[in-house]
């Protein structure tokens, strides 16, 4: 999970991201960003995330917790 | 006398596996894929498993394809009369995230693998000019657009461009056609269609619902047969009405 913040920063076109930041507040956030997160979780961490999981999330930190919790299973 | 057979790439799962199972009733097959165990599982689902050959080859590694295929053909004294290219990977990303490396990866698997295989199978000393039929599993995204499918669309359009030109070049010895599926339930798309939000949105767009692998395999079975002997250079859409649907969602 070391690269998670770097990958999110790249996806959202900012220099860095913080746990407290709200996903939808990023200027680069769009429908394709959520698909890209789903694809990234699958290809990089072998984790299945669904759209409805993402819809419940507010912040970068919550997304990280979701991925962490699924990775442990 | 060599044994005449059909090569199916992407035979481990999804559309390629279904095509293999259906054609195994009356053809000898080479099952191509990157995982020998999965190919062996497909072979067990085929009629007369023992007569079909397994070709383990990672198509992303394009430079290894030619020799690997030629060794298989020569060692087993095969001649390949049909090639069905089902192998493919999908990437969904913003255009701004596209770079040469990820573009090359998907083009290697989806497109350059096919050019290497066809070129090899057309050489007289390898395959004795026996290749009579080529079918590409393309996609409706070869003709239409969707967010994030930039590279995937480009690889499928490349296949169809190749298809038309070699249909002319290789006639009358070889027929070449493309099948363009819409959304089909396969291991590649399983995750998306297990997603209730994506499934609900998709169902609104498909008048006949989501497709099954057999819907594609049935058309391939026809195109590879002599019943299609006067058909070449064409794109065939199999999409449950997706691309003709302009209803308000």
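The values are calculated or read from the model by the stated rules, or taken from the named source; none is laboratory data. This structure is a prediction, so every number in the text was calculated from the model and none was measured. Counting neighbours? That spans all protein chains shown, and the Cβs are built from the backbone with ideal geometry, glycine included.
Restricting the first member to the stretch B:222-234 and to residues that are farther than 21 Å from residue B:181 by Cα, and the second to residues that are surrounded by 14 or more Cβ atoms within 10 Å (Cβ to Cβ), the beta-carbon pairs closer than 8 Å and six or more apart or on different chains are B:229/B:175. In the set (1) outside any helix (DSSP H, G or I); (2) at pLDDT 95 or above; (3) within 14 Å of another protein chain (Cβ to nearest Cβ), residue B:106 fails one condition alone, (1). A Cβ distance below 7 Å, combined with a sequence gap of six or more or placement on separate chains, defines the contacts here; from the stretch B:79-97, residues that are within 14 Å of chain A (Cβ to nearest Cβ) reach residues that are assigned to a loop (DSSP other than H, G, I, E, B) and surrounded by fewer than 24 Cβ atoms within 10 Å (Cβ to Cβ) in the pairs B:92/B:148; B:92/B:149; B:93/B:148; B:94/B:148.
The set of residues from the stretch B:104-127 being more than 24 Å from residue B:182 (Cβ to Cβ) and either crowded, with 16+ Cβ neighbours inside 10 Å or touching a helix residue (DSSP H, G or I) at 6+ places or on another chain (Cβ under 8 Å) (or both) comprises B:108, B:112, B:115, B:116, B:117, B:118, B:119, B:120, B:121, B:122, B:126, B:127.
Filtering the stretch B:117-164 to residues that are within 14 Å of another protein chain (Cβ to nearest Cβ) and either touching a residue at least 40 places away in the same chain (Cβ under 8 Å) or closer than 19 Å to residue B:72 by Cβ (or both) leaves B:148, B:149, B:150, B:151, B:152. Only one of the numbered conditions (1) out of contact with any strand residue (DSSP E or B) (no Cβ under 6 Å at 6 or more places or on another chain); (2) farther than 24 Å from residue B:193 by Cα; (3) touching a residue at least 24 places away in the same chain (Cβ under 8 Å) is not met by residue A:57, and that is (2). What pairs can you find where one residue is in the stretch B:186-202 and more than 11 Å from chain A (Cβ to nearest Cβ) and at positive phi, the other is surrounded by 12 or more Cβ atoms within 10 Å (Cβ to Cβ) and not in a helix (DSSP H, G or I), and their Cβ atoms are less than 9 Å apart, with a gap of 6+ or different chains? Cβ pairs passing all conditions: none.
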